[in-house]
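One structure is given below, encoded as structure tokens.
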Amino acid sequence: MATKKVTVTIPEDLLDEIRADAAERGLSAYVAEALRLKRDRDRLLELVDWLQEEHGPVTEDERVAALDELEDLDAEHERRRASGRHNAGEAA
């Protein structure tokens, strides 16, 4: 993958924390990953805005149902981790 060197200004205290967290993989890799995650989050927020324009806001019942489903998925992932099963394609 091609890379390009850029100059950015970062608050000193934040840079110190990032350097400590990024020690082994390097500052550039850490920053690149953070920017990818931020870009992905921004795209998801755009999608949410578009879906709400098209279909209206999420109701409280829909929000609760989605959170319940995420909780069930987290529990299933934890159960698989605890049992040593890691195959993502494996049936529940």
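Remark: spin-label model distance A65-L37 equals 3.1 nm, labels positioned 7 Å along the Cα→Cβ axis. Can you check what the net charge comes to around D74, using other residues whose Cβ is under 15 Å from the Cβ of D74 (Lys, Arg +1; Asp, Glu -1)? Local net charge: -3. Measuring only protein heavy atoms, the 1.4 Å probe finds D49 accessible over about 90 Å². What the Cα convex hull of the chain gives, in volume per residue, is 234 Å³. Applying a DSSP loop filter and a limit of 16 other Cβ atoms within 10 Å to the trypsin sites (Lys or Arg not before Pro) in the chain leaves K4, K5, R25, R85. The long axis of helix 60-83 is offset from the longest Cα principal axis of the chain by roughly 70 degrees.
The values are calculated or read from the model by the stated rules, or taken from the named source; none is laboratory data. Computed from a predicted structure; not experimentally measured. Counting neighbours? That spans all protein chains shown, and the Cβs are built from the backbone with ideal geometry, glycine included. Surface areas here come from the heavy atoms of the whole protein model, side chains and all, with no ligands, DNA or RNA. Shrake-Rupley method; radii C 1.70, N 1.55, O 1.52, S 1.80 Å.
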